[in-house]
Amino acid sequence: MTQLVASQNQTMVIEFLFSVFPPLYEGGLLFFILLILVYAFIISGNLVIFVAVQLDMALHTPMYFFISVLSFLEIWYTTTTIPKMLSSLVSEKKTISLGGCLMQMYFFHSLGITEGCVLTAMSIDRYIAICYPLRYPTIMTSKLCIQLTAGSCFCGFLLVLPEIAWIATLPFCGSNKIHQIFCDFTPVLSLACTDTSLVVIVDAIHAVEILASFLVIALSYIRIIVVILGMPSAEGRHKAFSTCAAHLAVFLLFFGSVAVMYLRFSATYSVFWDTVIAVTFVILAPFLNPIIYSLRNKEMKDAIGRLFHQKRDVRAQK
């Protein structure tokens, strides 16, 4: 049952209710089974990629370092939302506390921004590798890769903090129904019983963040494509295109869904389309990333194969 506290003739909300999840025996169980299978694949797939990159010397390059960082982030990115979705699908109490909601928003958006920054770093890495191959080893050093990763984490976990701190000061009263599959800024702010016009400034800041990353990545890949098309060797063009295709697919999937969700300003969607867009970047993109990076990448497939062969050899020796 929803918890409310009476204060100064107003009913203050201290719990939010997720209204989009169906009851257990009206589709909830089916969605639970599908989602837990998807979540298990996301965790295991990204974990295998992360471990393979760490253990296989052939993958100790800047490109695979960033892929392993992205896989590590995906594990935690999905863990901020999917376990709560699973519990909401099978539980009669489809609620989350105010504090839990704020924590979910903070870590979800922090990890999301960090991923966006890492994808930007990956595009810069591919740009230097293809456009300046002779200088690549001296520019993309291990130290620079670590610095770019640390900077991505710093930006991600710092930029969201002021907004979360502001939301934590807002009073919530009246309706407590969140028409979304997780706690997000717009659905939560719509429940505040005070002026939230400041959100326009916050939206503008988010727009600048998204557009800046999008612009850097788009310009990098435009330049990369121009250079690839100018390569004399057909084999060289094919190898360069296949390497960048996976990165480009992840970039379009991630930034495309994020842009539709967060670059709309005053535009509104129905609850159904809001949910579909959210599922795309909360569940679908993390699900497809391990497939894109493993199935379309021979070096990664070989490394994963060696990893499982080593495990079988160790077991055989025992």
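Just a few scattered comments:
- Output for the range 34-70, where each listed residue is under 21 Å from Thr275 (Cα atoms) and open to solvent by 80 Å² or more (accessible area, probe 1.4 Å): Leu34, Leu37
- All positions within the range 171-198 that are within 18 Å of Val260 (Cβ to Cβ) and either at pLDDT below 85 or in a helix (DSSP H, G or I) (or both): Phe185, Thr186, Pro187
- Beta carbons closer than 8 Å, at least 6 apart along the sequence or on distinct chains, pair a first residue in the range 132-159 that is free of Cβ contacts under 8 Å to residues at least 12 places away in the same chain with a second that is surrounded by 12 or more Cβ atoms within 10 Å (Cβ to Cβ) and among the hydroxyl-bearing types (Ser, Thr, Tyr) for Ile139/Tyr132.
- The C-beta contact set for the range 41-59 (first residue more than 9 Å from Pro290 (Cα to Cα) and outside any helix (DSSP H, G or I), second residue of a type in the set (Val, Ile, Thr) and open to solvent by less than 40 Å² (accessible area, probe 1.4 Å), distance under 9 angstrom, 6+ apart or interchain) comprises Asp56/Ile304.
- Within the range 206-244, the set of residues being under 19 Å from the mean Cα position of the chain (by Cα) and surrounded by 12 or more Cβ atoms within 10 Å (Cβ to Cβ) comprises His206, Ala207, Glu209, Ile210, Leu211, Ala212, Ser213, Phe214, Val216, Ile217, Ala218.
- Residue in the range 119-130 that is open to solvent by less than 50 Å² (accessible area, probe 1.4 Å), among the basic types (Lys, Arg) and part of a helix (DSSP H, G or I) present: yes
- Residues located in the range 171-186, provided they are out of contact with any Lys or Arg (no Cβ under 8 Å at 6 or more places or on another chain), open to solvent by less than 60 Å² (accessible area, probe 1.4 Å) and not charged (D, E, K, R): Pro171, Phe172, Cys173, Gly174, Asn176, Ile178, Gln180, Ile181, Cys183, Phe185
- For the range 155-164, the criterion of being of a type in the set (Phe, Trp, Tyr), open to solvent by less than 90 Å² (accessible area, probe 1.4 Å) and at pLDDT 85 or above is satisfied by at least one residue.
- The condition of being in contact (Cβ under 8 Å) with a residue 12 or more places away in the chain, of a type in the set (A, V, I, L, M), closer than 28 Å to Lys94 by Cβ and surrounded by fewer than 17 Cβ atoms within 10 Å (Cβ to Cβ) holds for Ala168.
The values are calculated or read from the model by the stated rules, or taken from the named source; none is laboratory data. Note that the structure is predicted; figures quoted are calculated from it, not measured. For neighbour counting, all protein chains shown are included, and Cβ atoms are generated from backbone atoms with ideal geometry for every residue, glycine included. The accessibility values were calculated without ligands, DNA or RNA, using every heavy atom of the protein model including side chains. Shrake-Rupley method; radii C 1.70, N 1.55, O 1.52, S 1.80 Å.
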